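Contents: one structure, followed by commentary.
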Amino acid sequence: MAQPGNLAVLRVGAAGGTTSLTSAAAPVFIDRFDSIAPAQLAPTVTWALPTTTIGAQRRLTISGSQVAEGGLQLSGNGQYLVLGGYDASVGTAGGTGAGLLNNSGTGRVVARIDSAGNIDTSTVYGNGEFSGAAGTGLRGVYSADGTSFYGVGNGTGTLPGTSGGIRRIAFGTITAPALPSTLISPGNAGTGTANVRRVQAFNAQLYATTNSSPFTGVNSIGAGIPTNSGNSQTNLFGTGGSSYDFFFLSSTIAYLTDTRAIASGGGLQRWNFDGSVWSLAYTLTTGLDVGLSGLTGLSLAGGDVYFAGITSDGRRLVTITDNTSNISATGSFVTLATAPANTFFRGVAIPTPGAAFVLGLGTLAASRRRRTA
């Protein structure tokens, strides 16, 4: 495969802002950057998510300070960029009290951006989902084809509507007590399945990262890509650290970001499967001063693997190339761009030709990140 031409990066906070971001709701933007050129001063294209509601189209904001929010993914068929946020005005204060960002009365919104550049925000978790104890936003979203979505987050309420975990919702749906989303896998603090951060599919199997023991790391969710409730999580690999995004290169090689300090295991971890167990081969850290959160990857020729990631402080978009033959960490991260003052980068994705027109990218001579349904 050829090197990807461009990257889509989720940014929270408006460029030129004069005040630091807090836990309050902030505006969301999608920036386009070149995938190779270092030290880019500004994106070549920027798209803004709506901050006001017009008809069925909801506003979408995310917390300015929550690293776990703002996951950006490409759909399994390569036609959509998908993300999640809050149905809340810019400036809405964080917290679970009445009228606050994490309250059960604040809808969690799915955004679907199609190949024609249309941003649709009509899909809403409106039944108090993800708003239980330690309630959070809609941290990450996966979709096979844009007709339904798997959203993940925290929230361990005892009522059916308030639990987090992994929830499936149909496109254009606004959930309610009589029409709840499907709780694919519940968030349960007592069993360690509550703190879910990212979700995606590979080789017709659904996976998610959880940051609660004993499920810290990457977990398979049920069998295949389930549409029914009550599926269990099975931990595959992780270090007991602070797991975020992940990339399956194959059934035997995978990568996982960790937001911890470098000395504590943060960075980009490579994991190998020997047919029985997954084991940590090494962690890519050279060129980083903090860990990594967001991640996207692409298989290149000669066993090379291209990666773009977001540093855990949200300040830098970085890239590195690994090789499948490596047995130890080599290479160094290069900074592609730095977030403007009073903003943060959160998620990153490699658009395909179908989704590329959203950002005016034209045709890429590369295949999409390996997320299949």
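Could you count how many residues in region 332-360 are more than 25 Å from VAL199 (Cβ to Cβ), modelled with pLDDT under 95 and touching a strand residue (DSSP E or B) at 6+ places or on another chain (Cβ under 7 Å)?
Here the count works out to 1.
Identify all residues within region 288-315 that are part of a strand (DSSP E or B) and under 13 Å from THR259 (Cβ atoms); write none if there are none.
LEU292, SER293, GLY294, LEU295, GLY309, ILE310, THR311
Within region 135-154, restricting attention to residues that are touching a Ser or Thr at 6+ places or on another chain (Cβ under 9 Å) and more than 12 Å from ILE166 (Cα to Cα), which residue is surrounded by the fewest Cβ atoms within 10 Å (Cβ to Cβ)?
Here the answer is ASP145.
Table: residues versus (1) buried (at least 17 other Cβ atoms within 10 Å of the Cβ); (2) farther than 18 Å from GLY140 by Cβ.
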residue: PRO4; (1), (2): yes, yes
residue: LEU7; (1), (2): yes, no
residue: VAL12; (1), (2): yes, no
residue: ALA56; (1), (2): no, yes
residue: THR61; (1), (2): yes, no
residue: LEU72; (1), (2): yes, no
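When region 9-42 is examined, which residues are found to be of a type outside the set (Gly, Ala, Ser) and over 25 Å from GLY84 (Cβ atoms)?
Correct list: THR18, ASP34, ILE36, PRO38, GLN40, LEU41.
Residues GLY155, GLY117: which one is small (Gly, Ala, Ser), modelled with pLDDT under 90 and outside any loop (DSSP other than H, G, I, E, B)?
Every option except GLY155 fails the conditions.
Do you know which of the residues in region 174-192 that are surrounded by 18 or more Cβ atoms within 10 Å (Cβ to Cβ) and within 19 Å of ARG58 (Cα to Cα) is modelled with the lowest pLDDT?
PRO180
What number of residues within region 1-46 are of a type in the set (A, V, I, L, M) and not in a strand (DSSP E or B)?
Adding up the residues that qualify gives 11.
Checking the condition surrounded by 24 or more Cβ atoms within 10 Å (Cβ to Cβ) and farther than 20 Å from ILE174 by Cα, which residue from VAL67, VAL45, VAL28 passes?
Just a single option satisfies the conditions, and that option is VAL28.
Without any contact (Cβ under 8 Å) to a residue 24 or more places away in the chain and small (Gly, Ala, Ser), is that true of GLY287?
Judged against the criteria, GLY287 is not a match.
Is region 249-258 home to any residue that is under 21 Å from ILE184 (Cβ atoms), under 20 Å from the mean Cα position of the chain (by Cα) and assigned to a loop (DSSP other than H, G, I, E, B)?
There is no residue in region 249-258 that is under 21 Å from ILE184 (Cβ atoms), under 20 Å from the mean Cα position of the chain (by Cα) and assigned to a loop (DSSP other than H, G, I, E, B).
Given the conditions (1) under 22 Å from ALA339 (Cα atoms); (2) loosely packed, with under 15 Cβ neighbours inside 10 Å, which single one is not true for GLY99?
(1)
Within the set of pairs 6+ apart or on separate chains, which have a first residue in region 224-237 that is under 16 Å from ASN203 (Cα atoms), a second that is of a type in the set (A, V, I, L, M, F, W, C) and modelled with pLDDT of 95 or more, and C-beta atoms under 7 Å apart?
GLY224/ALA204; ILE225/ALA144; ILE225/ALA201; ILE225/ALA204; ILE225/LEU206; PRO226/LEU206; LEU236/VAL218; LEU236/TRP278
Out of (1) surrounded by 24 or more Cβ atoms within 10 Å (Cβ to Cβ); (2) over 19 Å from TYR244 (Cα atoms); (3) not β-branched (Val, Ile, Thr), what's the single condition that is false for GLY331?
(1)
Is it true that some residue in region 258-277 is in contact with an Asp or Glu (Cβ under 7 Å, 6 or more places away or on another chain), within 24 Å of SER143 (Cα to Cα) and buried (at least 20 other Cβ atoms within 10 Å of the Cβ)?
Within region 258-277, not a single residue is in contact with an Asp or Glu (Cβ under 7 Å, 6 or more places away or on another chain), within 24 Å of SER143 (Cα to Cα) and buried (at least 20 other Cβ atoms within 10 Å of the Cβ).
Just for region 47-80: of the residues that are assigned to a strand (DSSP E or B) and in contact with a Ser or Thr (Cβ under 7 Å, 6 or more places away or on another chain), which one is nearest to TYR306 (Cα to Cα)?
LEU74
Does GLY94 fit the bill of being within 19 Å of THR136 (Cβ to Cβ) and modelled with pLDDT of 95 or more?
no
Restricting region 208-248 to residues that are hydroxyl-bearing (Ser, Thr, Tyr) and in a loop (DSSP other than H, G, I, E, B), which is modelled with the lowest pLDDT?
Only one residue fits best here, namely THR239.
Which one is nearest to GLY287 (Cα to Cα) among residues in region 225-260 that are touching a Ser or Thr at 6+ places or on another chain (Cβ under 9 Å) and aliphatic (A, V, I, L, M)?
Selected residue: LEU256.
In this structure, does ARG316 turn out to be of a type in the set (Lys, Arg), more than 26 Å from GLN40 (Cβ to Cβ) and out of contact with any helix residue (DSSP H, G or I) (no Cβ under 9 Å at 6 or more places or on another chain)?
Here the answer is no, as ARG316 does not meet what is asked.
The values are calculated or read from the model by the stated rules, or taken from the named source; none is laboratory data. Fair warning: this is a prediction, and the values are worked out from it, not measured in the lab. Because the Cβ atoms are built from the backbone with ideal geometry, glycine has one as well, and the counts that use them run over all protein chains shown.
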